[in-house]
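For reference, the structure discussed in these notes is given below.
The values are calculated or read from the model by the stated rules, or taken from the named source; none is laboratory data. As the structure is a computational prediction, the values presented were derived from the model and not from experiment. Cβ coordinates were reconstructed from backbone atoms using ideal geometry, including for glycine residues, and neighbour counts include every protein chain displayed.
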Amino acid sequence: MTRAITVGLDGSPESRAAAEWAAREAGLRALPLRLLHVRRPGPVPEAVPADSWMSMPHETAEGLRLRHPGVEISHEQIDGKPYEVLIKAAEDAELLVLGSRGLGALGGFLVGSVGLVVVAGAEQPVVLVRAGEQAADEHEPDPAGIPSAATRYRPVLLGLDADRPREPVIEFAFAEARRRDTALRVVHGWALPPYYVYGLAAAPDVYHDIAREQAGNLTQVLAPWREKYPEVEVVEESFGGSPSVRLVEASAESSLVVVGRRIRRNPLGAHIGAIAHAVMHHGAAPVAVVAHD
């Protein structure tokens, strides 16, 4: 059975943006798109007419078919707890797509409790798309500086720990860059060993030696992936410090941000990781969280 791109749909602006992104991704991958509307047990919210609530998935699917005629689109309504249904749906999906609500230029974006639990529990990649996301946002401006979806994609951005590289995360990022025919920018932040910190002022060359070693390590990690994906231009960036801020800043010039999340099967709490958490909440581009062992 062909695996589909699955998107959680609830009629909100962020879920509609997620559905549009998912349709574009389904087109890039030549995969079907599945719209999944999860209805919580209980009455429909008073602000939403019951007829509209029931017809929303069908109407959304019809609109997507008009805008993305080459994509096979289906829709389904399931009753249950959203996070449980979505995590279960991710098992049979190639990719799960969810929306995140915008909080403004300074506040970043809000990933709600359902989204956090789903990201922490799903073992398939989960992509978070902010409200208001447009296709043109993922592309370079045209020669006149006007946003356009007809120009080249902005680079894909990968946050990578070169000391503990995870193949599923790297593979996902390279494949997404190849699908978009764009560059892959790889950001690796590293921390100085504690016993070096107090000697840096007296021996500044120590920092430069470590920086060269870390940059060489990153190049070595990426070498086999460059061979596997020779058509993908790779830009390497290795620096001392946490990559969170650099990734958030660079996300504004990226078509997609890719970060990893270690699979933790402890049933207590939502384990995502500090870097993935920061990028999920503050990234300016869609964020793909790829689970790994």
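Remarks
- Single unsatisfied condition, Val259 versus (1) assigned to a helix (DSSP H, G or I); (2) surrounded by 19 or more Cβ atoms within 10 Å (Cβ to Cβ); (3) not small (Gly, Ala, Ser): (1)
- Exactly one residue among Ala30, Ala93, Ala17 is at pLDDT 90 or above and at positive phi, and that residue is Ala30.
- Residue match in segment 197-211 (condition: surrounded by 11 or more Cβ atoms within 10 Å (Cβ to Cβ), at pLDDT 90 or above and in the same structural domain as Asp163 (by TED's automatic domain parsing)): no
- Conditions (1) surrounded by 19 or more Cβ atoms within 10 Å (Cβ to Cβ); (2) modelled with pLDDT under 95: number failed by Ala173: (2)
- From Glu249, Glu231, Glu253, residue being farther than 15 Å from Asp161 by Cβ, over 20 Å from the mean Cα position of the chain (by Cα) and not assigned by TED's automatic domain parsing to the domain that holds Leu95: Glu231
- Meets criteria (modelled with pLDDT of 95 or more and not assigned by TED's automatic domain parsing to the domain that holds Ala252) for Ala105: no
- Hey, Ala278 among the small types (Gly, Ala, Ser) and either assigned to a helix (DSSP H, G or I) or at pLDDT 95 or above (or both) or not: yes
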